[in-house]
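The values are calculated or read from the model by the stated rules, or taken from the named source; none is laboratory data. Please read all numbers here as calculations on a predicted model, not as lab measurements. Neighbour counts are summed over all protein chains in view; Cβ atoms, including those assigned to glycine, are modelled from backbone coordinates with ideal geometry.
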Amino acid sequence: MTVTPNRPRARWPWIIGIIAVALVIVAAVGVTAALHQSAAPTPTSTRTAKPTRTSTPDAAPTGCLGGSNRDNAMLLAAQKAAPHSTNGAVDFAAAIARWTLRHPTPTVDEANEAAGGVIASDAAPAFKDLGTAVAQNQNPSGGAVADGTDFYVTTTPGVYYVDSAATDKVTVSIGTGYVIGGAVNPQLRTSSTYDLVWEKGAWRIQSGSLAHTTEELFKIGTPFSQGC
């Protein structure tokens, strides 16, 4: 897939955005780098383990549904715990972002196992072949993080924005920050948009799109109530 860099935007000099496009469920397949500018150092924070969270229809999205890990168990636990509500869809989308944007990336077998549980039946064929997608790109940051560098994203400096919501379909944009070397990087942010459908008693991924620039999303988005 062709990767197209966006031009720097001086009005928000502290942020670097990585915008997931097309196959958002596997950001390893299609991402673009954008808004790379210098920033002054800020205090860092380290990753701390948190217990598995549950959600209720009226609870504000925590960004931690399924627990603080970033493996298949977390993703499937988040899907199981996410209620049939807009907030439930938001929390599941945050789990997708945390599962997808990391290195080491999921193995081919892990990606295929996840696809069997979280992809909607009417999703595009390319969405269902996660194993191949993961194997094709081992740096889902789109080059913002150096190849081979371990990283993951966090919802601690994260936001969400509900683009549209119906009873059985929600489109939500998720903004997250990068954690490199155990510390939140003050210069790196991401944005991804997910189309989720309620199918067979759970939220599932139908498609993805580019709804906002990273800069815009962090301006209009609502912070997660907890983040992890």
*Quick one: L217 ticks every box in (1) among the hydrophobic types (A, V, I, L, M, F, W, C); (2) more than 19 Å from L130 (Cα to Cα); (3) part of a strand (DSSP E or B) except a single one, so which number is it?*
(3)
*Among A89, A95, which is the only one that is in contact with a helix residue (DSSP H, G or I) (Cβ under 8 Å, 6 or more places away or on another chain), of a type in the set (G, A, S) and at pLDDT 95 or above?*
A95
_Could you list, ordered by first residue, the pairs with Cβ atoms under 7 Å in which the first is in segment 72-90 and outside any helix (DSSP H, G or I) and the second is surrounded by fewer than 20 Cβ atoms within 10 Å (Cβ to Cβ) and of a type in the set (G, A, S), at least 6 apart or interchain?_
none
*Can you pull out the residues in segment 158-168 that are closer than 11 Å to L196 by Cα and in a strand (DSSP E or B)?*
S164, A165
*Looking at G143, G131, which one is under 18 Å from V179 (Cβ atoms), of a type outside the set (D, E) and at pLDDT below 90?*
G143
*Take segment 180-202 and flag every residue that is of a type in the set (D, E, K, R), out of contact with any helix residue (DSSP H, G or I) (no Cβ under 9 Å at 6 or more places or on another chain) and in a strand (DSSP E or B).*
E199
*In segment 33-44, is there at least one residue being surrounded by 18 or more Cβ atoms within 10 Å (Cβ to Cβ) and either modelled with pLDDT of 95 or more or in contact with a Leu (Cβ under 8 Å, 6 or more places away or on another chain) (or both)?*
no
_Count of residues meeting criterion [surrounded by 22 or more Cβ atoms within 10 Å (Cβ to Cβ) and more than 15 Å from the chain's Cα centre (by Cα)] in segment 204-228_ = 0
_Just the residues that are assigned to a helix (DSSP H, G or I) and closer than 15 Å to E199 by Cβ, please, taken from segment 110-128._
A115, G116, G117, V118, F127, K128
_Residue among T154, T107, T100 that is within 21 Å of G67 (Cα to Cα), at pLDDT below 95 and under 13 Å from the mean Cα position of the chain (by Cα)_ = T100
*So which of T155, T171 is crowded, with 21+ Cβ neighbours inside 10 Å, assigned to a strand (DSSP E or B) and out of contact with any helix residue (DSSP H, G or I) (no Cβ under 6 Å at 6 or more places or on another chain)?*
T171
*Residue among G131, G177, G148 that alone is of a type outside the set (K, R), in a helix (DSSP H, G or I), without any contact (Cβ under 8 Å) to a residue 60 or more places away in the chain and under 20 Å from R70 (Cα atoms)*: G131
